[in-house]
């Protein structure tokens, strides 16, 4: 693939999406990004979508379905919030402390989830059902089913998401980290080998258990960051998400994951997730512009339709190309 | 001797879900009695809670058997009930309402499967999309039509006579027997299991996937329709959150009933029935044991641990050197 | 006599209740090419994979170069000098050639901060491929872009790169074409000359007798006898493999082609990309038509196209009275059965029982009123097949995954014969099947021919084609290059001329 | 063997659980056991109510309260009532409103007393059910009161001379919130769809499923609107803040969800909620400038109705139907006025303390006694 094609392929989707959405907004006398505040929101939301998508894709690409992402995010954020509040009482620096604790507890929750999987050796979709219920239960028990607010409502927290810089730094660090880990280390090479040739890789002597557990730990840590950002952005954490109330977050990551891996064909799938997240965030900002007329139900319908349409495109790409090529030929003749 | 004990173990594992249900039932009765509560009402309530899940999940088994899954069934139940209520309120015709409920349920189900097969996309993804669309559309309808009541409903006198266990048990029994018949005694069930076990081989044995997927989704649709109908019989009103818990509980019920989520040869038509009631019983036992509302979280934790333990034991014989996916 | 380089002492191995190896002791000497032969399930793959670290024995000891030998994994074994090329695919499609070659051994390329030096890895992979005489495959290529045979060469390069003291090759030759085999034989000879040892496992008695210096026969997990080159005798080896003299004929005893006038299945002007170029074929009743060629010649695709599993771009498959075979369903309705080359994936549902697998195709036969299936009828139907094909199993409820290759293939045959198939499309039906079962299958095919059924036998084994077919179509690069009638004159050499 | 161990573990677990069942029987059951249906476990108001019942009432009367988890739908409410009945509850107090009709029917069927403590029935429904034998009555702001509360909030800001406001419709089409929202628009001096008549406005809001800013006309502009709470809420509130309204008027729950964001943005806001500690902080240190609220103990009279009914004195109105009492709101606009209500209604000394409640509990208490006390302020 030529460099030019790579660049075009990589940037095509985000640019087209941006242009279309901006055009829609302009037609109504608005902009997608109206001011600095909405730009801040845009970057923060991009970070959230990108990280969730990465966390989802790590395990899903290996055929491991993980319903527990949402519960890990919420639970680790609550743990981070409670501890940091106990230590600093919401004073300065408590956002950074909470972020650190949340990442650590997210990683621990991921570790626990991974251990359940490798010890029980039952299909991950089933262990993740159990783990989700357990984490939701713990979350409920810690919070009494209430919204956690006092612990996350302070200047430090609102300052963290009040500027795009923190989120941008997080995005940069995570993209670099994930590319480093999955494309340039032994862990990543082994991950890729196990992903597409589990049996051969294991027979060759690659240790699958630590690799799988490692994936869960990374996943948990990433969801910890998501939990933190959501807590800061929403200024609360919902503690009452029993009976799979926490899994919705996972579905929001499907569309960016598919878009991201499509973009990844031209460059790197991690970069693809970032650009896909940018697209989703642009869409989200557009919804915000029209929030007076587009309700949450309409948004979820639009998202669902986009998901299906994009997947139809992905799975019938060859068919479509063939269709257009033959049509072109006929037209030419 | 080796083979003998192996067989006993096998049998034990097969019977474990049934045993678990029996043990849970006895435990539940013991608890209720020990607390001095009224067992008759409690049993009725539990049956009412469990029957909708059992019916919807039993229909869903056909989908799971194929190795596919559908998380939109809860939303479909809500949507079918919504359409049913609208139909009755527009026509005041009870049979037409029932027809509308089943028609809608089957249509929703078929739409996912046909969309998936026509455009070659994984059925799972279409069901994720359906989940959003169906719940959003239902919510829109319910809140628009419901107005000051916050929900829509049919006159309670219409379904009151039906709100009794014998009627529901009869419906459940008929539906289960039909499913059992289709699953166990006809080519359909056998072929679906085969597809779930090895879709490539199934195709090369002349079993068309799409045809059996459509049958499976139709059966699931019928289950959803019956579930929606039973929901209306229990409470003649529909709110935006009606049946919201069902979608995910189907997973738990089926696994609890001793069937692998990936379907295939080990699929069991009775898994949902047994698993569904076991799960409801378990939750209620824990609720009784850990009284006090702060214990809802703990209840869920204990029940999840129990769930994992059951799966772990029932899948004991299917371990491989590789981690399962 | 030289000291043995590898000593296996009293090795035992059990899989659940199945005994795979029972007290096997064997010495391998430097400079020898040791053949391991035996029927399926005899334990030859198990013993070699234990030596190569792929699995562990339940009891027994091993010595390697005089030291106790306890490899943890295949990589560990390879690092210490025992390398194995496995029977199934040993490569991973989703990653590059270089990543496959250095799978599990990336530490050599770890630089600062644990970053893997990809460029260096690719360069070394190029060199490894060149070392076995393959220069067109580069380390940076995605493995998925290579065909099955080239992937096997990557595996060979991977093992060769380590210059192991013992090279174990398990049934690899079935996956290789003539060229590939030559590369492998050369490599084996080179190893023997350099004073290393080679353990070569194969089904193909002719091949193994030609290549090996010594030959060890295993049967039912027990070491039966080791033959030295001077003692090689085809009949004797065969007898020790199956534990009795082969009774009756192996291939067909008649020497003339025969067929009924009536046609059974017609394929006309079939084209499909590079794989089929205007292939026409007519099957008669009571006829066995052989299709031979290199693995990549398009003959496997031909089988699928005739069964309707793959649609040709142009041309059609139809019955003599003009009903078209559009898909698998219509094929089966016309009484066509298809036995795939890839048995475990395409012909069987391994997680299901023997009963489920045999019954699945024949439901129309025994279902009451065409849809009602009763346990009694089904059992009767299945048991008849189990008995007629003498499938070795505890009961029809046993999972097919627990059966040996030969018995699995019998189940597949049972599935198609039971439902009364008139036309059988057999793609490498005796692949990975031992002599005893092979013979049974040949006899079965002869019986079917006599009943007036038609058989298309696609095979990579020339002796089988010559021994069984009324007519052989030789294919090359998607085209039929020659049609040969059954005759005693026909030899491998004649066929090879049209294949290459 | 490993399997056997697991089987054993499960068996032992079963036996232990069975033993627990026998030991966990309540030592001394209270005289009166009341089941409480709740849909919200996390709101400020809900928590205040709960604390009052569980800490104050339960300590002062021989009564035990059993709470549900957050109920999601009509089926959940019905099942909860049935479980309460089998657990021996003599009465049900409802704070959950998915399907009130079914709740009433179910209680009537099982013969347990039933009272509504929040979100009263609308007139039509009340007419249909007021004759039920076990319907002990409802106490709470009537719909007219809700509308009035909204009007007052709107007028407060109009008087301050705002010209552009944002609005949070809470859980429209929840009727309570619809009436309040209509009131706010009327109070601002605006019209909705060309009318400022209560009936006309709420009809349109129910039909629109929300307040459509385009339909609001008048001197005060409604520049942004949002409602509900979900995944998109944060984006919506951010969009609202971006439009820089002069005030943010909420018809409920804003103090739970948005205090932090509005404080940050420096937008004065108003809410209808209750007098709790967190709301106190918001009014004293934050941007909360107007709070219409209920006492946490405002659900005391409902308890009195239930207690009387169970004790045999079922209170009926003049026509012999279930009573319906309307409670008003108290308004705080600064820390001082907040404290006046908050301190008065706190912990051990609620406004409806034992002494006050005892005046409406007993065999001789009449409809007028209760009405006099409840509708006093």
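Scanning for something under 20 Å from residue B:312 (Cα atoms) and either outside any helix (DSSP H, G or I) or at the interface with another protein chain (Cβ under 9 Å from one of its Cβ atoms) (or both), does the range A:139-148 turn up at least one residue?
no
In the range B:118-131, which residues are within 21 Å of residue A:60 (Cα to Cα) and at the interface with another protein chain (Cβ under 7 Å from one of its Cβ atoms)?
Matches in the range B:118-131: B:120, B:121, B:125, B:126, B:128, B:129.
Return the total of residues in the range D:77-88 being buried (at least 23 other Cβ atoms within 10 Å of the Cβ) and touching a strand residue (DSSP E or B) at 6+ places or on another chain (Cβ under 9 Å).
6
I need the full set of residues from the range C:47-77 which are assigned to a loop (DSSP other than H, G, I, E, B) and in contact (Cβ under 8 Å) with a residue 40 or more places away in the chain, in order please.
C:52, C:55, C:57, C:58, C:65, C:66, C:69
Out of all the residues in the range D:114-143, which are within 16 Å of the chain's Cα centre (by Cα) and either part of a helix (DSSP H, G or I) or surrounded by fewer than 20 Cβ atoms within 10 Å (Cβ to Cβ) (or both)?
Matches in the range D:114-143: D:122, D:143.
Which fully enclosed helices (runs of 4 or more DSSP H) of the range B:152-216 have 1 or more residues being at the interface with chain C (Cβ under 9 Å from one of its Cβ atoms) and in contact with a helix residue (DSSP H, G or I) (Cβ under 9 Å, 6 or more places away or on another chain)?
In the range B:152-216, B:165-185, B:187-197, B:199-203 are the helices (runs of 4 or more DSSP H) which contain 1 or more residues that are at the interface with chain C (Cβ under 9 Å from one of its Cβ atoms) and in contact with a helix residue (DSSP H, G or I) (Cβ under 9 Å, 6 or more places away or on another chain).
Could you please find all residues in the range A:51-91 being under 22 Å from residue A:173 (Cβ atoms) and at pLDDT below 90?
A:61
Residue C:271 versus (1) closer than 26 Å to residue B:202 by Cα; (2) buried (at least 19 other Cβ atoms within 10 Å of the Cβ): which is the lone unmet condition?
(2)
Given the range C:314-413, what helices (runs of 4 or more DSSP H) lie entirely inside it while holding 3 or more residues that are under 27 Å from the mean Cα position of the chain (by Cα), in contact (Cβ under 8 Å) with a residue 12 or more places away in the chain and more than 9 Å from every other protein chain (Cβ to nearest Cβ)?
C:354-359, C:375-388
Could you list all residues from the range C:145-159 that are in contact with a helix residue (DSSP H, G or I) (Cβ under 9 Å, 6 or more places away or on another chain) and in contact (Cβ under 8 Å) with a residue 40 or more places away in the chain?
C:146, C:148, C:149, C:151, C:152, C:154, C:155, C:156, C:157, C:158, C:159 - these are the residues of the range C:145-159 that are in contact with a helix residue (DSSP H, G or I) (Cβ under 9 Å, 6 or more places away or on another chain) and in contact (Cβ under 8 Å) with a residue 40 or more places away in the chain.
So, residue D:310, is that one over 17 Å from the mean Cα position of the chain (by Cα) and modelled with pLDDT under 90 or not?
It is false that residue D:310 is over 17 Å from the mean Cα position of the chain (by Cα) and modelled with pLDDT under 90.
Condition first: buried (at least 22 other Cβ atoms within 10 Å of the Cβ) and not in a helix (DSSP H, G or I). Now tell me which residues in the range A:273-293 satisfy that.
Answer for the range A:273-293, where residues must be buried (at least 22 other Cβ atoms within 10 Å of the Cβ) and not in a helix (DSSP H, G or I): just A:291.
Does residue D:228 satisfy the criteria of being over 21 Å from residue D:335 (Cβ atoms) and within 8 Å of chain A (Cβ to nearest Cβ)?
In short, yes.
Residues of the range D:290-300 being at pLDDT 90 or above and part of a helix (DSSP H, G or I), which ones?
Matches in the range D:290-300: none.
Keeping to the range D:328-377, report how many residues are modelled with pLDDT of 80 or more and part of a helix (DSSP H, G or I).
21
Does any residue in the range D:259-270 that is over 18 Å from residue D:153 (Cα atoms) come within less than 7 Å, Cβ to Cβ, of a residue that is assigned to a helix (DSSP H, G or I) six or more places away or on a different chain, and which pairs are these?
D:260/A:158; D:261/D:237; D:261/D:241; D:264/A:158; D:265/D:241
Residue C:232 versus (1) loosely packed, with under 11 Cβ neighbours inside 10 Å; (2) under 27 Å from the mean Cα position of the chain (by Cα): which is the lone unmet condition?
(1)
Could you check how many residues of the range A:174-192 are within 17 Å of residue A:268 (Cα to Cα) and either surrounded by 23 or more Cβ atoms within 10 Å (Cβ to Cβ) or in contact (Cβ under 8 Å) with a residue 12 or more places away in the chain (or both)?
9
Answer yes if at least one residue in the range C:36-45 is within 23 Å of residue C:163 (Cα to Cα) and in a loop (DSSP other than H, G, I, E, B), and no otherwise.
No.
Quick test for you: out of D:280, D:286, pick the one residue that is modelled with pLDDT under 90, more than 25 Å from residue D:53 (Cα to Cα) and more than 14 Å from the chain's Cα centre (by Cα).
D:286
Given (1) farther than 16 Å from residue A:279 by Cα; (2) within 22 Å of the chain's Cα centre (by Cα), where does residue A:21 come up short, assuming only one miss?
(1)
If I filter the range B:104-117 down to residues being surrounded by fewer than 23 Cβ atoms within 10 Å (Cβ to Cβ) and in contact (Cβ under 8 Å) with a residue 40 or more places away in the chain, which single residue comes out as farthest from the other protein chains (Cβ to nearest Cβ)?
The selected residue is B:106.
Please determine whether any residue of the range B:219-239 is within 14 Å of chain C (Cβ to nearest Cβ) and either under 30 Å from residue C:346 (Cα atoms) or assigned to a loop (DSSP other than H, G, I, E, B) (or both).
no
Any residue at all in the range C:86-104 that is assigned to a helix (DSSP H, G or I), at pLDDT below 85 and either more than 15 Å from residue A:183 (Cα to Cα) or facing chain A (nearest Cβ under 7 Å) (or both)?
The answer is no, given that none of the residues of the range C:86-104 is assigned to a helix (DSSP H, G or I), at pLDDT below 85 and either more than 15 Å from residue A:183 (Cα to Cα) or facing chain A (nearest Cβ under 7 Å) (or both).
Quick one: is residue A:254 closer than 29 Å to residue A:107 by Cα and surrounded by 24 or more Cβ atoms within 10 Å (Cβ to Cβ)?
no
Name the single residue that is farthest from the other protein chains (Cβ to nearest Cβ) among those in the range A:190-206 being more than 19 Å from residue A:60 (Cα to Cα) and assigned to a loop (DSSP other than H, G, I, E, B).
A:206
Would you pick out the residues in the range C:54-64 that are over 16 Å from residue C:7 (Cβ atoms) and surrounded by 21 or more Cβ atoms within 10 Å (Cβ to Cβ)? Spell out how you get there, then give the answer.
Filtering the range C:54-64 down to residues over 16 Å from residue C:7 (Cβ atoms) leaves C:54-56, C:58.
C:54 - this is the single residue of the range C:54-64 that is over 16 Å from residue C:7 (Cβ atoms) and surrounded by 21 or more Cβ atoms within 10 Å (Cβ to Cβ).
Report, by residue number, each residue of the range D:203-215 that is outside any loop (DSSP other than H, G, I, E, B), more than 8 Å from every other protein chain (Cβ to nearest Cβ) and either touching a helix residue (DSSP H, G or I) at 6+ places or on another chain (Cβ under 6 Å) or closer than 14 Å to residue D:248 by Cα (or both).
Across the range D:203-215, the qualifying residue is only D:205.
Spot the failing condition for residue A:176; the list is (1) within 13 Å of chain C (Cβ to nearest Cβ); (2) within 22 Å of the chain's Cα centre (by Cα); (3) modelled with pLDDT under 90, and only one is missed.
Exception for residue A:176: condition (3).
The values are calculated or read from the model by the stated rules, or taken from the named source; none is laboratory data. These numbers were taken from a predicted model, which means no experiment stands behind them. Quick reminder, even Gly has a Cβ in these numbers, built from the backbone with ideal geometry, and neighbours come from all protein chains shown.
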